[in-house]
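The values are calculated or read from the model by the stated rules, or taken from the named source; none is laboratory data. All figures in this text were calculated on a predicted structure; none of them were measured in a lab. Heads up, the Cβs are rebuilt from the backbone with ideal geometry, glycines too, and the neighbour counts pull from every protein chain shown.
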Amino acid sequence: MKFPFKNVLLIPAIVMLFFTAYSQDKNLSKDIYLASAIPDSLKQDANAVVRYASDELVVKAAGKATKKHHSIVTVLNEKGDDEARLVLFYDRKYNTVNNVEMLIYDAAGKQIKKYRKSDMYDRSATDGTTIVTDDRLLALGHTIASYPTTIEVIYETGINSYLDLGHWYMQQPERAVQYEEYTVLANPAIGFRFKNKNTTIQPVKTTQDGFEKYTWQVTGKKAVKPEDDALPWQVLPNITFAANAFQFDGLPGDFSTWQNYGKWYQGLNADVCNLSQQRIDEIKAMTANLTTDKEKAKFLYQYMQQNMRYVSVQLGIGGLKPFTASFVDEKKYGDCKALTNYMAALLKAVNIPSYYAMVNAGTNQEPADASFPYDPFNHVILCIPFKSDTTWLECTSSTQPFGKLGTFTENRNALLVTENGGKLVNTPRSTAKDNQFNGEVHIKLNADGGAVANVRIMSTGAYRDDYIGMTTLKMDEQKEFLIRMLNMKQPSFMDYKSAADKDGVKEVDIDLEYEKFCDIAAGNKQFYRPRVIDLWQTTLPVLEKRKTDFYFDQPMQKTCVTTIDLPEGFEVETLPANQSLKFTYGNFEINYVYNSDKNQVKSTSRFNLNTQGIPAAKYNEMQQYMDNISKAQNKKLVIRRKA
C-alpha cells in the first residue's frame, strides 16, 4: 500500500489575473467565477473549463511531504458532472487529509452551496477482493441542477511515507484550461527529478527558503477529445515526479536506479520466503517422481492453484510486503504478493530459483520507463529462469495455464527483484496463435423458415479467459453475453453448456432453436444470413486523418466452419461469393461450397490479426478493411423450392 498520489480532478484558470502562492488566492478576480467570462474559444468541444488550478507539493525530507490543492472549474453540461465529485484517499498511518472545502457557484458567480470535510462520506477503500485494509477514502458529490455551474475545491494532505511523488495530469479529455500551475518545493538532499510525457512544458526553477523550487504553468488550452481506442498514457500530457531518496514506514531507500530500488525490495522481502523443514520435505516427496525442473514447477503451480485462493489484505507495510510463505501455507489464501512469494517458496524447496517480479498490470497498460526509475507497479508475478527458457507465472489465477500470462501483464517491463537488486526485463508478447477462437456450427433449416443449430467453440488465451470469466454470471446473463459476443440472432430457445477446459483450451457448447431464422421469404424463395455467429463485428468511423495509434486488446486467430442442411425439397439458387480480404496486419477470408448430393452448404471463414497495435498511418486502410468484412458477412444465401 503506497500513498496514491493521484491528482483528484486537477483543474486550471485565467491567464494574467492569477499568481501562484496560496496566500494570494484570496486576490483572485471575481471574473473567474463568472461563466460569461469564459473565452468562446475554450468552450468548443469542452464539457468543463478549468478556470484556475494551483497545486503545491512540498517535499521536506525523504518520506515527508505536504500538498495543497485549489481549483475552480466551470461545468458546461452533464458530461462534466464528474467535476462535482471529489474522492480523496488516505490512511491513518501514512497520509492525512485536512481542510477540505467544496464551494458551488451559479452562472453569475453567486455561492449557492458549501461543503466541508465533515460532509464527506468516510469509508474503507475496499473492493470485491480486499477483505481488510488500512486504505480509506473521503467522498463527496454535488448534484448539479443547472448549467453552467462552477465548482471550487480546496484541500491539503500530509504524507508520511512515499515511494515516488506521483503525477501531474495537466489536461483531462474534453476539458479546456484557462490557467493551471503546479509547484514543487523540494529539499535538495532528496534528489528531486521529473519526466515529461506527451508534453514539452518546462518549469521555471528557482530557490526558496533553502528548497529547490519548480513551477510549471499552462494557459489557454482548448479541449481535446481523444480518438477512439487510443491509450490514455500515450496521449494525455503529464509529468511524473520522483526522488532519489525515499522512505516508507521508516525504511529508507535509494530510487536513483532500478537496481537500487530492487535492493530495497530485496531487503523488505528477505524474511518472507520461508517454509518449515517438515513442509519442505513434504514438497520434495510430492515431486520426487518428476524428472525435470519444468515438470516440478508445473506440478507445484497447479498445486498452488488448487489449494490457495486470492484474497487481498492491505495492512501497514503489508501493502508492499507479502505475508510469509508459512502464513499462506497455513491459511490457504493471499494477495498477489503473498501468492507469488508462496510459489517462490515451493520452488525453492525443490531447488528451483525464481524471481519476484513487479509489473503495471492491465490490458495495454503503460510499461515501466527504463530511463526514469519510479514506482508504477500494481501487481506481482513470478519469473522462473530455466536454462532453456524463461517461464512466467500469474499466481492469483486458479485457471491460468502454466507459463501463460495473458493481456493483463504481457508485453511490458517487469522489475525482477534479484540477488543483485532490481532488473527491468520484458514480459512475453502473445501472438495470434496464443488467442484462438475455433467454431464449428451445424444448422438444420426447416421448410417454414425456422432452424435448429448446434455451436461448438474451442478457445485459447484471451477468448478462453472470456468464457471462463462468464461462468461467474447468472445463467440469463451468460446467455445475453453469448448472444452479444457472438452477434447471434435472438433465438427462441437456447441451452448453453460450459464443457471441458483442458491444456489451456476451453470448450463451449450451445444448442439453439429459431422459430424464424429466415430473413426474408418471397414466393418459393427464402433468404438467409448463412451463419449463426460472426467472426468479426467491429466497424470504424471514417476519419480524414488519424493522429494516434489504434489498439486492440490482443492479436488473434479466429476460424469457423458452418454446415447448413437445407430443408427437404429445397435447393440453392444463389450462393454467396467467396471473399479474400487483406490488410497490412491481418486477413479475412470466407469460402462457400454447395454439396448437392447432401443438399448442404458448407462455409469456412478465417480472421487473423497479427498485432494489437495499429499505427495511425494505417487507420484508413484498416477502416476500409473492417467495412469490407462487414459487407462480406452480410451476403445472403438464397434457397428455393425445387420445381
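Only residues that are part of a loop (DSSP other than H, G, I, E, B), over 15 Å from the mean Cα position of the chain (by Cα) and not aromatic (F, W, Y): list them for the stretch 369-388, please. Once the filter is applied, which keeps residues that are part of a loop (DSSP other than H, G, I, E, B), over 15 Å from the mean Cα position of the chain (by Cα) and not aromatic (F, W, Y), the stretch 369-388 yields D369, A370, S371, P373, D375, K387, S388. Whether any residue in the stretch 292-311 is more than 30 Å from the chain's Cα centre (by Cα) and outside any helix (DSSP H, G or I) is what I want to check. Looking for residues that are more than 30 Å from the chain's Cα centre (by Cα) and outside any helix (DSSP H, G or I), one finds at least one in the stretch 292-311, hence yes.
Per-residue answers, yes or no, for (1) at pLDDT below 95; (2) more than 29 Å from D122 (Cβ to Cβ):
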position: T143; (1), (2): no, no
position: V153; (1), (2): no, no
position: S161; (1), (2): yes, no
position: H167; (1), (2): no, no
position: E174; (1), (2): no, yes
position: T200; (1), (2): no, yes
position: P203; (1), (2): no, yes
position: V218; (1), (2): no, yes
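Looking only at strands (runs of 3 or more DSSP E) that fall completely inside the stretch 113-228, which ones have 1 or more residues that are without any contact (Cβ under 8 Å) to a residue 40 or more places away in the chain and under 27 Å from F246 (Cβ atoms)?
Details: elements: 121-124, 130-133, 136-141, 149-159, 167-169, 175-186, 192-197, 204-208, 211-221.
Result: 121-124, 204-208, 211-221.
Those strands (runs of 3 or more DSSP E) of the stretch 31-108 in which 2 or more residues are aliphatic (A, V, I, L, M) and under 26 Å from T219 (Cβ atoms) occupy 48-61, 64-75, 95-105.
Checking each residue in the stretch 246-278 for being more than 30 Å from the chain's Cα centre (by Cα) and over 24 Å from P385 (Cβ atoms) picks out G250, L251, P252, S276, Q277, Q278. Put simply, of L275, L300 the only residue that is touching a residue at least 60 places away in the same chain (Cβ under 8 Å), closer than 17 Å to G334 by Cβ and touching a helix residue (DSSP H, G or I) at 6+ places or on another chain (Cβ under 8 Å) is L275. In the stretch 421-432, is there at least one residue being basic (K, R), farther than 27 Å from R529 by Cα, under 27 Å from the mean Cα position of the chain (by Cα) and not in a strand (DSSP E or B)? Yes, that holds for at least one residue. Quick check on the stretch 458-481. Is at least one of its residues under 13 Å from V532 (Cβ atoms) and touching a residue at least 24 places away in the same chain (Cβ under 8 Å)? No: zero hits.
Residues that are under 30 Å from S430 (Cβ atoms) number at least 3 in the following strands (runs of 3 or more DSSP E) confined to the stretch 557-643: 579-583, 586-595, 600-609. Looking only at the stretch 389-412, which residues are outside any loop (DSSP other than H, G, I, E, B) and touching a helix residue (DSSP H, G or I) at 6+ places or on another chain (Cβ under 9 Å)? The answer is T391, L393.
Against the definition (under 21 Å from N160 (Cα atoms) and not hydrophobic (A, V, I, L, M, F, W, C)), how does Y121 come out, yes or no?
Numbers: under 21 Å from N160 (Cα atoms): no; not hydrophobic (A, V, I, L, M, F, W, C): yes.
Answer is no for this residue.
Among the residues of the stretch 537-553, just one is closer than 13 Å to E621 by Cβ and in contact with a Leu (Cβ under 9 Å, 6 or more places away or on another chain), namely F550.
Kindly indicate whether N95 is in the same structural domain as W216 (by TED's automatic domain parsing), of a type in the set (S, T, N, Q), at pLDDT 95 or above and under 28 Å from the mean Cα position of the chain (by Cα). Outline the logic, then answer.
Numbers: in the same structural domain as W216 (by TED's automatic domain parsing): yes; of a type in the set (S, T, N, Q): yes; at pLDDT 95 or above: no; under 28 Å from the mean Cα position of the chain (by Cα): yes.
Here the answer is no, as N95 does not meet what is asked.
Cβ-Cβ distances below 7 Å connect the following pairs, each with a first residue in the stretch 74-87 that is within 14 Å of V177 (Cβ to Cβ), a second residue that is assigned to a helix (DSSP H, G or I) and of a type outside the set (A, V, I, L, M, F, W, C), and a separation of six or more residues or different chains: L76/K43.
For first residues located in the stretch 593-616 and over 30 Å from A230 (Cα atoms), partners that are among the small types (G, A, S) and lie 6+ apart or on another chain with Cβ distances below 7 Å do not occur. Checking each residue in the stretch 171-201 for being surrounded by fewer than 17 Cβ atoms within 10 Å (Cβ to Cβ), under 30 Å from the mean Cα position of the chain (by Cα) and either not charged (D, E, K, R) or not assigned by TED's automatic domain parsing to the domain that holds A243 (or both) picks out P173, N196, N198, T199, T200, I201.
Looking at I352, is it at pLDDT 95 or above, assigned by TED's automatic domain parsing to the domain that holds C383 and outside any helix (DSSP H, G or I)? Criteria met by I352.
Residues of the stretch 266-273 include none that is exposed (fewer than 13 other Cβ atoms within 10 Å of the Cβ), more than 23 Å from G422 (Cβ to Cβ), charged (D, E, K, R) and in the same structural domain as K404 (by TED's automatic domain parsing).
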